[in-house]
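Report on the following structure.
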There are 6 protein chains.
Amino acid sequence: MRLLLINPNTTAAITDKVVAMAHTVAAPSTELVAVTGRFGAAYVASRAAYAIAAHAALDAWAETPGPFDAVVLACFGDPGLDALRELSPVPVVGMAEASIQSACQLGGRFGIVTGGERWAPMLREFVAVRGLSTRLACIHTVAPTGADIARDPDGSLSVLATACAHAVDGGADAVILGGAGLAGLATRLSQRVPVPLIDGVAAAVGQAEALARLGASKSRIGSFAMPPPVDSVGLCAGLAAQLAGRSPA
Amino acid sequence: MRLLLINPNTTAAITDKVVAMAHTVAAPSTELVAVTGRFGAAYVASRAAYAIAAHAALDAWAETPGPFDAVVLACFGDPGLDALRELSPVPVVGMAEASIQSACQLGGRFGIVTGGERWAPMLREFVAVRGLSTRLACIHTVAPTGADIARDPDGSLSVLATACAHAVDGGADAVILGGAGLAGLATRLSQRVPVPLIDGVAAAVGQAEALARLGASKSRIGSFAMPPPVDSVGLCAGLAAQLAGRSPA
Amino acid sequence: MRLLLINPNTTAAITDKVVAMAHTVAAPSTELVAVTGRFGAAYVASRAAYAIAAHAALDAWAETPGPFDAVVLACFGDPGLDALRELSPVPVVGMAEASIQSACQLGGRFGIVTGGERWAPMLREFVAVRGLSTRLACIHTVAPTGADIARDPDGSLSVLATACAHAVDGGADAVILGGAGLAGLATRLSQRVPVPLIDGVAAAVGQAEALARLGASKSRIGSFAMPPPVDSVGLCAGLAAQLAGRSPA
Amino acid sequence: MRLLLINPNTTAAITDKVVAMAHTVAAPSTELVAVTGRFGAAYVASRAAYAIAAHAALDAWAETPGPFDAVVLACFGDPGLDALRELSPVPVVGMAEASIQSACQLGGRFGIVTGGERWAPMLREFVAVRGLSTRLACIHTVAPTGADIARDPDGSLSVLATACAHAVDGGADAVILGGAGLAGLATRLSQRVPVPLIDGVAAAVGQAEALARLGASKSRIGSFAMPPPVDSVGLCAGLAAQLAGRSPA
Amino acid sequence: MRLLLINPNTTAAITDKVVAMAHTVAAPSTELVAVTGRFGAAYVASRAAYAIAAHAALDAWAETPGPFDAVVLACFGDPGLDALRELSPVPVVGMAEASIQSACQLGGRFGIVTGGERWAPMLREFVAVRGLSTRLACIHTVAPTGADIARDPDGSLSVLATACAHAVDGGADAVILGGAGLAGLATRLSQRVPVPLIDGVAAAVGQAEALARLGASKSRIGSFAMPPPVDSVGLCAGLAAQLAGRSPA
Amino acid sequence: MRLLLINPNTTAAITDKVVAMAHTVAAPSTELVAVTGRFGAAYVASRAAYAIAAHAALDAWAETPGPFDAVVLACFGDPGLDALRELSPVPVVGMAEASIQSACQLGGRFGIVTGGERWAPMLREFVAVRGLSTRLACIHTVAPTGADIARDPDGSLSVLATACAHAVDGGADAVILGGAGLAGLATRLSQRVPVPLIDGVAAAVGQAEALARLGASKSRIGSFAMPPPVDSVGLCAGLAAQLAGRSPA
C-alpha cells in the first residue's frame, strides 16, 4: 500500500516528524510518501493560515505524482479535507477527523488537547461541521503551539499531562492529542492519563489503511464526484489541470 | 492479531457467512475467532429481539476465552455495544458504527440499505444515539430480512440495487449495505451504485484492526472503566464473574 | 385499574419499596401487581447490568399473567422500555421518562439527582435518546447507589439535599429524585428544595394511570406494532411465545 | 380535585365542547370549572390571534376565583403556557404539550392532525420550543378550522381520517388530534387509524390530574417562581394584583 | 424613510430614551415615530409581563397611523415579533434579534448582558426559538433591571462592565448590551470591553433601514401573509379591523 | 462610507455585475471599490474551487489599499469569510450570510435558489456552520451556473421562477436568489414569487452599511482578534505582512 502524507504547512521539520511517527504505526508493507506545503504559514494557528493551508494542500496533492491508495492530510484540523475528497480518486483521511472517529469508538465523549489557544474555537467548529458536537466533551489548549512542542517535546510533557487531566475531568472518555507537532507524545503520556489517549498521526494512518483496504469506489455522481471542468488562472499546472478535468501533464 | 467476532443472534449459518467475509478483508496474519449467541431470536429484526441480543452478546463474550486484540460485534445495529466496551479490556467495534464512520470519511452524508422494514426506525435512532443524525441522508429497507437475503443472495441483488439507487437519490454520498446477512454483497453491487458502497463486515474488521494497532489503553476511570463489582443471579458463570469483578474461572 | 410494576433488577426488597410508594399515590381502585427480575445484577449501575436488565424486564413481563391496563418499568433509566412497548398490548411507562415528562410540565429545564456515579452519563444519553437534551439542566449523582440509599434512607438525606441544591444552582426549574431505591424521599426533602421535587415512582404511577385512561389503541402497524414472528432459542416460554407470535401457553 | 379549564379564545360554544369531553375522561370526583377568554379572536388560527390569546388566558385565570388543584389551558398550541406557570401556584397543563408527552410515551415519533393550515408552522415551532423536534414525524392540517369542525364534526370525519393516514405514512407512531374544536373525535376515528390516536382534551385532563396528585410544590426561586412585583396599567384588577405581588381583591 | 418604534412596555421615559438613541444612529433623512404600550407592566421582566407586552405591541401598532417603511420593536426579547410580522405590510425588526444577527456577523459566538435576572432563561429560550443556540456563548444578567439602569446609568456602568468581562471569559466574540433601558451605554463601555460591543437600539435601527431598503415584498401566501379574517371581541378598533381583514377606520 | 467588494473568483465581468447592482442599493454617499481574485477558478462551483477562493479572497483583500468602512465578500457561499474577519480591522459581510440573516428577519424559514447543482450540499453545510439549519426550508439549484446566468439572464428567468416556486412549496417564507451572477434578477422575478425575494448583493451591501454604522470595535482578544505573528513563504507581500503582524509595505 502506498500512502501520500500531506503536511499543508510549510515547515519540513514537522513533515519529518509526522513521517517518523507514521512509520511506527503503518503496516510494514505500507510505503509512505510525504509532501510539505509550498506556500503559507510556517505553522497553522489562525483562521487565515488555515484558509491558505487548504489551498496549499490541494496544490501539494496536485503536484505529487501518484498513484496512491489513500491520502493523509497531516494537519490537525484538516484544512482542505472535503476539497481533496472531491478531486482525489482514493480515500482522503484527515488527522482530526480520524482521531475523533477513533475516539468515538472507544467511549461516549472525547476531549481534545492541542497546542495554540487559537485552535480551540476552530476545532470546536470543525467538530460541529462533522456533526459530532454532542460527542465532544471539551477542548483544552496549551500555550505553546504545535511548532513549539515539536521543537521541545520534553519541556511540554508536563503541561500536556495537565491539560489531559482537565479533559478527563471535563468528561472525556478518551483524549486526543492533536497536532502534527505532537506526533509520538501519546505513547509517552498514556501512563499518566487514565483514559485512552490517541495520537493523531497514528489514528490517521490506521484509518487510511482501513479505508484503502475497504476498496470502495470513487463517487461518480454527487457532491464528491469530480466537479465539472472549469477554467482557472494563477494555479500550479497540476491543480489547473485537475480543475479543467484534464490529466495533469 | 486475534479478533473475536460475536454474532449475537442464534443462527450459526450467519456467523459462518460473517467469518467468510471477514477472512477476505482481514490482514493475512489476523486470526479470527467467532461465536454465536446462545439465546435469543434466530435473527434480530425487532426491538425485543435487539434487547435480548445485547444480553446474548455479553454472554457470548464472557464465555469465550481470550485474550483478543479487539472484538467485532457482528450484528448491524450493534446490540450491547457500549456494555461490551465497559467490560472489555480491548476495543469493541460495532458493524453499524464502523460502517457509518467509514462512510463519513468518504462523503458528507450516508445512506443505509438493509433487510427488514422494522430496522429503519431502529437504525435511525441508533444513528441519533451516536450523534450523527445530521450526516444521515436516508435509510431504505427491503422486504426480505437479512436472514432471507443470506439464504438467497442472488435473488436479492436486484431489490438491493434498487434500494441503493433510492439512497443515492435521497442524497447519500456513500451507501452502507448493512446486515450480517448481506456480507459480501457490496462487491457484487458496487458497479451498479455510483457512490462508494460499504460492506458492514469489511468496515468492522478494518476498524477493529485499526483500533487494535492504535494501542490505546483501557479506561481506568469514568463511564467505560470496569464498573464497581455487583452481585448477580441467573447469569452464566463468566458474565457473573465479570460483574463481580472477578476473573472468570 | 390493574398495573404491572416490573423491577428489572433482582433485589426483591427494592420491589417492595417501589410497591409501597406506588400504593401511596395510586388511585384507591388501582390494583398493583409487582414482579422482580429473575436474572441480572442485584442493582443496575453499569452499562452491562443495564443491558441485562432490559432482557430481564422482557422476561418478567412475559412470565406474568395479565391482563393489565398499563405497565410500569420501575428502574430509573428504563432498560427495555421501547422493547416492552413493542410487545405489550397496553401502555408501558418508564420511571425516568415519566419523571422527565412531569418535570418538563413544571418548568423549563430539569435536573436529575440519583445514586451511583455511573448513572450520570447513562442518564445523559437516555435523555438524548428521548430527544430532550435541551431541557436537561444537569445531573448530579451521590456516591451511595440506589441500593445503598434504600438500605439507609435517613443517612442519605443530607447528601441528597446537597445534590438537589447543586441541581437548582445548575439551572433546574424542577428536580427529579431518580431511582427505585429513592422512592418516597421526595416528600421528606421537598421542604429543603426551592423548586418542584419529583418522585420517580409517583410520576410513573401517575403517567400509567393517565395513559391507561386515555384508552389509545395498540399500534397495528409500524415500529411499535407486534413484530413479525421469529424463532428463538434459550428464552423462557412466555417470551419465546411472544416472539413467535403465539399466545403464551 | 378541582380543575380550571381556560379556553383562551372567545367562543363559549367551544368551551362547552371542551368541558363535555373533559367530563368523560376526568375522574368522577374531579370538579371542572371552565372560563372563556374575554377578548381576542373567536378562534385562534394566526400568530396575531395567538399572541392576544396568551394575554387573554392570563386575564381569564386572574379573574377566576380559586383555589384549583391544576389548570388546563384548552387551546391546542398553548398560548400563554409558561406565563401562566410563572404566576399559578398549581400545575398548568397545555393541551398540545400534554398530547405530545402522551404520544411520546406511546411510540417514537408522533404526528399532529389539526384544523386550519396556519397552525402547521406555529405548531412546528411550538414543538421546537418544547425541545421535541426530533420526535415530530409530521403535521397535517385540514382546510376547515377547529371552529368549522366543531360546528360540523360529522362532515369533517372523512378529511380528518385521510389526514391521519398521511401522518401514519409520514412515520407517526402515534397521532394527535389537536384542537379544542376536535374534542371527542378521536374516539370516533380510532378504528380507522392503525396507531394510537390521542384526543387533546383527554390528554390534558389526564396530565392535570396526574400532576396535581404528584403534589410537587411551586417554585420559590428561579424562572417559574412568582416574579418580582411590578406596576402596570390597563389590566384587569386580578392580573394587575398578580403582577404587583398582591393577593387579588 | 419613516420608522415606527414600538416600546411595548408602558413607561414613556424608556420610549424617550430609545428614540434619543435611535436618532444618533439613524440616517439623517430617517423619520422616527414612537409609541408606548397602552397596557401592561411598567417594564417587562417576567414571562407574564412578556405575554401581555406581545398583545400591547400589536395594539400599539394597530392604533398608530402609517404608513411606515419598517417597524422596530424596541423591547429586548421582542414580544410579539412574529405576530407583528404576520400583520405588518412592512418589515418588522426586533431589538434582540437584530442585535444577535449583528453579533453573528462580527464573530463566532455572542454573549448577552442585560438587566434583571429573570431575563436570562427567557432570552436563552428566545435564542433557541430563532435557531441560534449554537452561536450563544453565555448570558449574564445584572441585578438592576433595565428600568433601574435607565434611571441611573452612571451607577450601573461598573456592574455592566464586569458582566461584559464575564461574557468575554465565557467565550463571547461579541457582546450585546440588551435592553431598551441600556440604550446608549455601549458607547460608554466599549473601551472597557475587548470585543465588539453592540447597542440593541443601534442594531435594530440599522437592520430596519437595511431591510426597508432591501424592498422585499410582503408575503402573499404562507405563514407570514395576512391571516384569514376572523371576528373578535374586546380589542381596540384598529386591531379588530386588522384581524377582520378590514382597513382600520 | 467606503466599501470594499471582493469577488473571489477570477471573472472580472462578474465583479462588474456585482458593482452595478451594489450601486443601485448603496446609499448615495457610499463609495464602492471592487477587486477580482487574482488566482483560482473562473467561477466557484466545487469544493476545490471554493477552497482556493478563500485564499484568493485573503490575497485580494491584502493587496488592496484601504482604509475601508466594511468589506463585502461577493461570492455566494462566502469563501474565506471568518479568515477575513480575523485579519480585517472593519466588519466583513458575506453575501450568503447577509442574505440568510435578512431572510430570517422576514419569515420563519428561508429557501435558497442558485445556479449550479454542486452548490446545494455546499450551501446546506454553510447554513449548518452558521448554526441556522433549523431555519432552512430547502435549497433548489438550477442547471445553469451563476456564470451561465450572468451571461444570459433573460434566458434564465423562467427556470429561476420555477425554482422559486418549488422553494415556496417547500416551506420557504422568504426566498434568497443567491450568486453574484444572479445580481439584479430578484427585482425582475419578485412579481412572480408570492413571498419576499432577496437579492444577495443588495442584502450584503445593506448589512455592510448597517454594520459599519454600528461602529463596534475590532476584537482585541479571542478568536477574531489579529492572530499572533507567524512566518510564511510563497504568499503575496501584503498577506505575508498581515500574517507577520507587520503593516503592509
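Residue check: D:Ala56 meets all listed conditions (1) part of a loop (DSSP other than H, G, I, E, B); (2) modelled with pLDDT of 95 or more but one, namely (1). None of C:Met95, C:Met122 is under 27 Å from B:Ala48 (Cβ atoms) and more than 9 Å from chain B (Cβ to nearest Cβ) except C:Met95. Contact map, the stretch F:147-162: first residue free of Cβ contacts under 8 Å to residues at least 60 places away in the same chain, second residue among the basic types (Lys, Arg), Cβ cut-off under 6 Å, separation 6 or more or different chains; pairs are F:Ala161/F:Arg192.
Among the conditions (1) in contact with a Gly (Cβ under 8 Å, 6 or more places away or on another chain); (2) within 14 Å of chain B (Cβ to nearest Cβ); (3) β-branched (Val, Ile, Thr), the only one that C:Ile221 does not satisfy is (1).
Filtering the stretch D:66-92 to residues that are under 15 Å from D:Ala56 (Cβ atoms), within 13 Å of the chain's Cα centre (by Cα) and assigned to a helix (DSSP H, G or I) leaves D:Leu81, D:Leu84.
Which residue, of F:Ala83, F:Ala27, F:Ala42, is closer than 16 Å to E:Gln105 by Cβ and out of contact with any Cys (no Cβ under 6 Å at 6 or more places or on another chain)?
None of the other options fit; the residue is F:Ala83.
Report yes if some residue within the stretch A:125-137 is away from chain F (no Cβ under 12 Å), open to solvent by less than 20 Å² (accessible area, probe 1.4 Å) and either closer than 19 Å to A:Pro194 by Cβ or over 15 Å from the mean Cα position of the chain (by Cα) (or both); otherwise report no. Scanning the stretch A:125-137 turns up at least one residue that is away from chain F (no Cβ under 12 Å), open to solvent by less than 20 Å² (accessible area, probe 1.4 Å) and either closer than 19 Å to A:Pro194 by Cβ or over 15 Å from the mean Cα position of the chain (by Cα) (or both). Of the set (1) touching a residue at least 40 places away in the same chain (Cβ under 8 Å); (2) crowded, with 24+ Cβ neighbours inside 10 Å, all apply to C:Pro227 but (2).
So that you can scan it fast, the table gives a plain yes or no per residue for (1) in contact with a Pro (Cβ under 9 Å, 6 or more places away or on another chain); (2) modelled with pLDDT under 95:
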site	(1), (2)
A:Arg85	yes, no
A:Ala96	no, no
A:Gly107	yes, no
A:Gly116	yes, yes
A:Thr134	no, no
A:Ala137	no, no
A:His140	no, no
A:Ile149	no, yes
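Can you name the residue in the stretch F:89-124 that is of a type in the set (A, V, I, L, M) and free of Cβ contacts under 8 Å to residues at least 60 places away in the same chain and, of all such residues, is surrounded by the most Cβ atoms within 10 Å (Cβ to Cβ)? Walk me through it before giving the result.
The first filter runs over the stretch F:89-124 and keeps only residues of a type in the set (A, V, I, L, M), leaving F:90, F:92-93, F:95-96, F:98, F:100, F:103, F:106, F:112-113, F:120, F:122-123.
This time we only want the ones that are free of Cβ contacts under 8 Å to residues at least 60 places away in the same chain, so: F:92, F:120, F:123.
Details: F:Val92: 29, F:Ala120: 17, F:Leu123: 22.
Looking at the filtered set, the residue picked out is F:Val92.
Of everything in the stretch C:93-112 that is within 13 Å of C:Arg135 (Cβ to Cβ) and among the β-branched types (Val, Ile, Thr), the residue that is nearest to the chain's Cα centre (by Cα) is C:Ile100.
Figure legend. Inter-residue proximity from the stretch B:206-218: first residues more than 7 Å from chain A (Cβ to nearest Cβ), second residues charged (D, E, K, R) and open to solvent by 30 Å² or more (accessible area, probe 1.4 Å), beta-carbon distance below 7 Å, spacing 6+ or different chains. Indicated pairs: B:Ala212/B:Asp69. Taken over the stretch C:8-24, the residue count meeting the criterion of being under 23 Å from C:Phe126 (Cβ atoms) and not polar (S, T, N, Q) is 6.
Filter the stretch B:1-18 down to the residues that are surrounded by fewer than 24 Cβ atoms within 10 Å (Cβ to Cβ) and in a loop (DSSP other than H, G, I, E, B), then identify the one that is nearest to the other protein chains (Cβ to nearest Cβ). Step by step, filter the stretch B:1-18, then rank; the result is B:Thr11. Residues of the stretch F:19-61 that are open to solvent by less than 20 Å² (accessible area, probe 1.4 Å) and free of Cβ contacts under 8 Å to residues at least 12 places away in the same chain: F:Ala48 alone.
If I ask for residues that are in a loop (DSSP other than H, G, I, E, B) and over 20 Å from A:Val18 (Cα atoms), which ones from the stretch A:93-117 would you list?
Taking the stretch A:93-117 as the starting set, the residues that turn out to be in a loop (DSSP other than H, G, I, E, B) are A:105-109, A:116-117.
Those that are in a loop (DSSP other than H, G, I, E, B) and over 20 Å from A:Val18 (Cα atoms): A:Gln105, A:Leu106, A:Gly107, A:Gly108, A:Arg109, A:Glu117.
Quick check: anything in the stretch F:165-172 at pLDDT 95 or above, open to solvent by less than 10 Å² (accessible area, probe 1.4 Å) and either within 11 Å of chain E (Cβ to nearest Cβ) or under 23 Å from E:Arg85 (Cβ atoms) (or both)? Checking the stretch F:165-172: at least one residue is at pLDDT 95 or above, open to solvent by less than 10 Å² (accessible area, probe 1.4 Å) and either within 11 Å of chain E (Cβ to nearest Cβ) or under 23 Å from E:Arg85 (Cβ atoms) (or both). Checking each residue in the stretch A:195-249 for being modelled with pLDDT under 95 and closer than 15 Å to A:Trp61 by Cβ picks out A:Ser247, A:Pro248.
The values are calculated or read from the model by the stated rules, or taken from the named source; none is laboratory data. Please read all numbers here as calculations on a predicted model, not as lab measurements. Neighbour counts run over all protein chains shown; Cβ positions are idealised from the backbone, glycine included. For the accessible areas, the whole protein counts, side chains as well, though only heavy atoms, and no ligand, DNA or RNA atoms are used. Shrake-Rupley method; radii C 1.70, N 1.55, O 1.52, S 1.80 Å.
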